[in-house]
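Just below is one structure, and these are the notes that go with it.
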Amino acid sequence: MIKMLANIGKYFIMLGEIFRRPTKWRIMRNLIFKEIDELIIGSLGIVAFLSFFIGAVVTIQTALNLNNPIIPKYLIGFTARQSIILEFSPTFVSIIMAGRMGSYITSSIGTMRVTEQIDALEVMGINPLNYLVFPKLIASITYPFVIALSMFIGIFGGYIAGSLGGYLAAEEFVKGLQDDFIPFHIVYAFIKTAVFGFILATVPSFYGYYMEGGALEVGKASTKSFVWTSIAIIICNYILTQMLLA
Amino acid sequence: MIEVKDLKKSFDDKEVLKGITTTYEAGKTNLIIGQSGSGKTVMLKTLLGVHIPDSGQILFDGRDFATLDPNEKRTLRTEMGMVFQGSALFDSMNVEENIGFPLKMFTKKSNAEIRDRVQEVIDRVKLIDANKKMPSEISGGMQKRVAIARAIVNNPKYLFCDEPNSGLDPKTSIVIDELIQEITHEYNITTVINTHDMNSVLQIGEHICFLKDGKLVWEGNSEEIMKTDNEDIVDFVYSSELLKEIRRFHTGKK
């Protein structure tokens, strides 16, 4: 427990350190673009693939469970929209990203620690936290675009599965999508996404930066980072939902 | 020149450096030797400013690192070059980018000027056909050359090397040692090398500090180390039968 509290304190100290002694802009600019490419653009394929099929499955499952003739078919589209926009895209895609993005961040920074590359930066008088974590943090600002894409493709997957699978007419699905639409739900989803993006950039960086040991510990740090990033996302999800929707 | 005065450093309750006083002169290869756990890595890291000393002074040409303001500390750091045990090359950058990195970070040189300077040091350390290769694509010896090139690219006044020939074959080790010594003489750098490689000690040891249990127990050069009767040194240097035989041959001593 004390170790956990100490780590939380260390994490917040790290957050402060990220902004100290900034790296030259001409170098930072390239690092930011590189991180956007690695973390955001590189994730689009897997996010699109997962979103399409999960959207499709959510639609089929809903259709199979709403077999009462009194319930209108367009509710399948409504349910798919609500599930994807409110939870699947912002929260579950972020947990998947904790595996993809988080492991990449922890292992790359952890390997730099093991191979003394972080020491080399320190000796040169560079703030390693600013050099390594700040670009990831800035790249995470573009993370909501990934989630927007996930929402779109997830709903499209539902539309294709619902209409081509013969569960409901395409028009009914679209009607369900538009029914009782509350624009604030989109705001809520993107507020969550922004917070999750911040967590995805900083928690894995923390585990990579402060890891000790050799190659085996890099693997252990990646696992730990995934677990704690997921826990942080789930807890923040609960708090934000309570604050914004309750 | 680096002057070390009564340097002390502890971790928790363990005193690792117990009042070390010595001087590392410019243009000389200064070696720190000693068994594992003798405090030589802590000594090197304290010289580099990675560890803050508990007491004592480290003067870099009269400048005490501990009392400098942040800007002066930054300036002093740009005057330091470091060759790490495992080379510590940035594996996301190719050889040219690795070497040019300190120039990009700390100078206002244009890309063309950086390219020229990088090529100059690449030629100096005799790196052939490696400019565009990634660190993983070159041998350990070449990685060390890249690390040396990166350390000297910004014309440092002080060069620190942590076990520069660890993991290298004996022939490549000699080449790397000679390269460091040549560079030290050529650019009049104060070079401090942390090593327990006896070939290095005998080959390039112009000033050798022997540490034992955090204390400086002997100072001298490679010729003096061959003749000394200091038991700690004899135990350490002539640990193998081959070296004992060489000592017998040269001095007649057992």
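The values are calculated or read from the model by the stated rules, or taken from the named source; none is laboratory data. If you're wondering where the values come from, they're calculated on a predicted model, not measured in any experiment. Neighbour counts are summed over all protein chains in view; Cβ atoms, including those assigned to glycine, are modelled from backbone coordinates with ideal geometry. Accessible surface areas use protein heavy atoms only, side chains included; no ligands, DNA or RNA. Shrake-Rupley method; radii C 1.70, N 1.55, O 1.52, S 1.80 Å.
Would you point out which residue out of B:Glu219, B:Glu178, B:Glu186 is among the charged types (D, E, K, R), part of a helix (DSSP H, G or I), at pLDDT 85 or above and more than 15 Å from the chain's Cα centre (by Cα)? Steps first, please.
Details: B:Glu219 fails: part of a helix (DSSP H, G or I); B:Glu178 fails: more than 15 Å from the chain's Cα centre (by Cα).
On inspection, the qualifying residue turns out to be B:Glu186.
Part of a helix (DSSP H, G or I), of a type in the set (Phe, Trp, Tyr), buried (at least 21 other Cβ atoms within 10 Å of the Cβ) and within 11 Å of chain A (Cβ to nearest Cβ) - does that describe any residue in the range B:160-172? I'd like the intermediate steps shown before the answer.
As a first pass, look at the range B:160-172 and keep what is part of a helix (DSSP H, G or I): B:170-172.
The next check asks that each one be of a type in the set (Phe, Trp, Tyr); those that pass are none.
Among the residues of the range B:160-172, not one is part of a helix (DSSP H, G or I), of a type in the set (Phe, Trp, Tyr), buried (at least 21 other Cβ atoms within 10 Å of the Cβ) and within 11 Å of chain A (Cβ to nearest Cβ), which makes the answer no.
Kindly evaluate B:Phe84 against the criterion of being over 16 Å from the mean Cα position of the chain (by Cα), surrounded by 17 or more Cβ atoms within 10 Å (Cβ to Cβ) and touching a residue at least 24 places away in the same chain (Cβ under 8 Å).
Numbers: over 16 Å from the mean Cα position of the chain (by Cα): no; surrounded by 17 or more Cβ atoms within 10 Å (Cβ to Cβ): yes; touching a residue at least 24 places away in the same chain (Cβ under 8 Å): yes.
No: the conditions fail for B:Phe84.
A quick yes/no check of all residues on (1) within 30 Å of B:Asp61 (Cα to Cα); (2) in contact with a His (Cβ under 9 Å, 6 or more places away or on another chain); (3) at the interface with another protein chain (Cβ under 8 Å from one of its Cβ atoms); (4) not aromatic (Phe, Trp, Tyr):
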{"residue": "B:Gln85", "(1), (2), (3), (4)": "yes, no, yes, yes"}
{"residue": "B:Asp91", "(1), (2), (3), (4)": "no, no, yes, yes"}
{"residue": "B:Asn94", "(1), (2), (3), (4)": "no, no, no, yes"}
{"residue": "B:Phe106", "(1), (2), (3), (4)": "yes, no, yes, no"}
{"residue": "B:Ala112", "(1), (2), (3), (4)": "no, no, no, yes"}
{"residue": "B:Arg115", "(1), (2), (3), (4)": "no, no, no, yes"}
{"residue": "B:Glu120", "(1), (2), (3), (4)": "yes, no, no, yes"}
{"residue": "B:Arg124", "(1), (2), (3), (4)": "yes, no, no, yes"}
{"residue": "B:Leu127", "(1), (2), (3), (4)": "no, no, no, yes"}
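Being crowded, with 21+ Cβ neighbours inside 10 Å and of a type in the set (Val, Ile, Thr) is the filter here; which residues of the range A:47-81 pass it?
Residues satisfying the conditions are A:Val47, A:Ile54, A:Val58, A:Thr59, A:Thr62, A:Ile76.
If you go through the range B:36-61, how many residues are within 12 Å of chain A (Cβ to nearest Cβ), in contact (Cβ under 8 Å) with a residue 24 or more places away in the chain and surrounded by fewer than 21 Cβ atoms within 10 Å (Cβ to Cβ)? Write out each step before concluding.
Looking only at the range B:36-61, we keep the residues that are within 12 Å of chain A (Cβ to nearest Cβ), and these are B:41, B:44-45, B:47-51.
Adding the requirement that they be in contact (Cβ under 8 Å) with a residue 24 or more places away in the chain leaves B:41, B:44, B:47-49, B:51.
Narrowing further to those that are surrounded by fewer than 21 Cβ atoms within 10 Å (Cβ to Cβ): B:41, B:44, B:48-49, B:51.
Residues flagged as within 12 Å of chain A (Cβ to nearest Cβ), in contact (Cβ under 8 Å) with a residue 24 or more places away in the chain and surrounded by fewer than 21 Cβ atoms within 10 Å (Cβ to Cβ) within the range B:36-61 amount to 5.
Give me the residue from the range A:17-35 that is open to solvent by less than 40 Å² (accessible area, probe 1.4 Å) and assigned to a helix (DSSP H, G or I) and, out of that set, farthest from the other protein chains (Cβ to nearest Cβ). Don't jump to the end; show me each part of the working.
Initial filter on the range A:17-35 (open to solvent by less than 40 Å² (accessible area, probe 1.4 Å)): A:18, A:23, A:27-28, A:31-32, A:35.
Checking the rest, the ones that are also assigned to a helix (DSSP H, G or I) come to A:18, A:27-28, A:31-32, A:35.
Values: A:Ile18: 18, A:Ile27: 6, A:Met28: 11, A:Leu31: 10, A:Ile32: 14, A:Glu35: 11 Å.
If we take residues in the range A:17-35 being open to solvent by less than 40 Å² (accessible area, probe 1.4 Å) and assigned to a helix (DSSP H, G or I), then A:Ile18 is farthest from the other protein chains (Cβ to nearest Cβ).
Let me confirm something: among B:Glu96, B:Glu113, which residue is open to solvent by 70 Å² or more (accessible area, probe 1.4 Å) and either assigned to a helix (DSSP H, G or I) or modelled with pLDDT of 90 or more (or both)? So that I can check it myself, show each step before the final result.
Values: B:Glu96 fails: open to solvent by 70 Å² or more (accessible area, probe 1.4 Å).
Only one candidate qualifies: B:Glu113.
Considering the range B:62-81 alone, what residues qualify as being more than 8 Å from chain A (Cβ to nearest Cβ), within 22 Å of the chain's Cα centre (by Cα) and either in a helix (DSSP H, G or I) or charged (D, E, K, R) (or both)?
Taking the range B:62-81 and keeping what is more than 8 Å from chain A (Cβ to nearest Cβ), we get B:62-72, B:75-76, B:79, B:81.
With the extra rule that they be within 22 Å of the chain's Cα centre (by Cα), the set shrinks to B:62-66, B:75-76, B:79, B:81.
Matches in the range B:62-81: B:Arg63, B:Asp64, B:Phe65, B:Ala66, B:Thr75, B:Leu76, B:Glu79.
Which of the residues belonging to the range A:152-177 are small (Gly, Ala, Ser), in contact (Cβ under 8 Å) with a residue 12 or more places away in the chain and surrounded by fewer than 17 Cβ atoms within 10 Å (Cβ to Cβ)? Lay out the reasoning, then the answer.
Our first condition is that a residue be small (Gly, Ala, Ser); within the range A:152-177, this holds for A:154, A:157-158, A:161-163, A:165-166, A:169-170, A:176.
From the residues that got through so far, the ones that are in contact (Cβ under 8 Å) with a residue 12 or more places away in the chain too are A:154, A:157-158, A:161-162, A:165, A:169, A:176.
Those that are small (Gly, Ala, Ser), in contact (Cβ under 8 Å) with a residue 12 or more places away in the chain and surrounded by fewer than 17 Cβ atoms within 10 Å (Cβ to Cβ): A:Gly165, A:Ala169.
Tally time: how many residues in the range A:88-111 are crowded, with 23+ Cβ neighbours inside 10 Å and under 19 Å from A:Tyr131 (Cβ atoms)?
Here the count works out to 5.
Condition first: in contact (Cβ under 8 Å) with a residue 40 or more places away in the chain and away from chain B (no Cβ under 14 Å). Can you find one or more residues in the range A:107-128 that meet it?
Checked the range A:107-128: no residue is in contact (Cβ under 8 Å) with a residue 40 or more places away in the chain and away from chain B (no Cβ under 14 Å).
Only residues that are surrounded by fewer than 21 Cβ atoms within 10 Å (Cβ to Cβ) and small (Gly, Ala, Ser): list them for the range A:137-151, please.
A:Ala148
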